[in-house]
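The values are calculated or read from the model by the stated rules, or taken from the named source; none is laboratory data. Computed from a predicted structure; not experimentally measured. Here the Cβ positions follow ideal geometry from the backbone for every residue, glycine too, while neighbour counts run over all protein chains shown. Keep in mind that these areas ignore ligands, DNA and RNA; they rest on the heavy atoms of the full protein, side chains included. Shrake-Rupley method; radii C 1.70, N 1.55, O 1.52, S 1.80 Å.
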Amino acid sequence: MPIVSKPASPTPERTITLTFSPGERGVGVFRITAGGKSHFYTFCEIPCHIGGRGYAVHRTGVGNLYHVRVGTPSECSCECMGFLRHSKCRHILGLQALIANGKI
Ligand SMILES: [Zn+2]
């Protein structure tokens, strides 16, 4: 009997929403929704002297803190498992989208 492989599932649509704009204190909140699940992240821009813009990103309620760098492709990095495995992640893509749309 032939083995029929299932087609790869499509990547779920992912959206990011700036739910609280960084004010004078520089701390904001965004929400990433993917596959019907939403997670909130508190973020703060931090100085970055090696290229790109740096952010401390904390997934609210879980305690994971990631240092994310966004810029040219060679300037992008993140400490999360997604980036370590795929060289891209929701944190970088989300922050890039917020920057590209003038939100932050
Ligand atoms: Zn990441």
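Which residue is nearest to the ligand (Cβ to nearest atom), if the candidates are limited to the range 77-104 and must be touching a strand residue (DSSP E or B) at 6+ places or on another chain (Cβ under 7 Å) and polar (S, T, N, Q)?
Filtering first and then ranking leaves Ser77.
Answer with yes or no whether Leu98 is open to solvent by less than 30 Å² (accessible area, probe 1.4 Å) and not basic (Lys, Arg). Can you show your working first?
Values: open to solvent by less than 30 Å² (accessible area, probe 1.4 Å): yes; not basic (Lys, Arg): yes.
Judged against the criteria, Leu98 is a match.
For the range 32-47, check the following and say yes or no: at least one residue is in a loop (DSSP other than H, G, I, E, B) and either modelled with pLDDT of 95 or more or crowded, with 16+ Cβ neighbours inside 10 Å (or both).
Residues of the range 32-47 in a loop (DSSP other than H, G, I, E, B): 35-36, 47.
Narrowing further to those that are either modelled with pLDDT of 95 or more or crowded, with 16+ Cβ neighbours inside 10 Å (or both): 47.
Within the range 32-47 (the criterion being in a loop (DSSP other than H, G, I, E, B) and either modelled with pLDDT of 95 or more or crowded, with 16+ Cβ neighbours inside 10 Å (or both)), the answer is yes, since at least one residue qualifies.
For a quick check of your reading of the model, give me the residue pairs whose first member lies in the range 67-82 and is under 16 Å from Ala97 (Cβ atoms) and of a type in the set (A, V, I, L, M), whose second is open to solvent by less than 80 Å² (accessible area, probe 1.4 Å) and within 8 Å of the ligand (Cβ to nearest atom), with beta-carbon atoms closer than 8 Å and at least 6 apart or on different chains.
Partner pairs satisfying both residue conditions: Val68/Val57; Val68/Cys78; Val68/His91; Val68/Ile92; Val70/Ile92.
Collect the residues in the range 48-79 that are in contact with a Lys or Arg (Cβ under 8 Å, 6 or more places away or on another chain) and outside any strand (DSSP E or B), keeping them in residue-number order.
Passing the criteria: Cys48, Ile50, Gly51, Gly52, Gly71, Glu75, Cys76, Cys78.
For the subset of the range 60-76 comprising residues that are surrounded by fewer than 19 Cβ atoms within 10 Å (Cβ to Cβ) and within 10 Å of the ligand (Cβ to nearest atom), which member is modelled with the highest pLDDT? Write out each step before concluding.
Looking only at the range 60-76, we keep the residues that are surrounded by fewer than 19 Cβ atoms within 10 Å (Cβ to Cβ), and these are 60-65, 67, 71-75.
Right, trim to within 10 Å of the ligand (Cβ to nearest atom) and you get 64, 67.
Values: Asn64: 89, His67: 97.
Out of the qualifying residues, it is His67.
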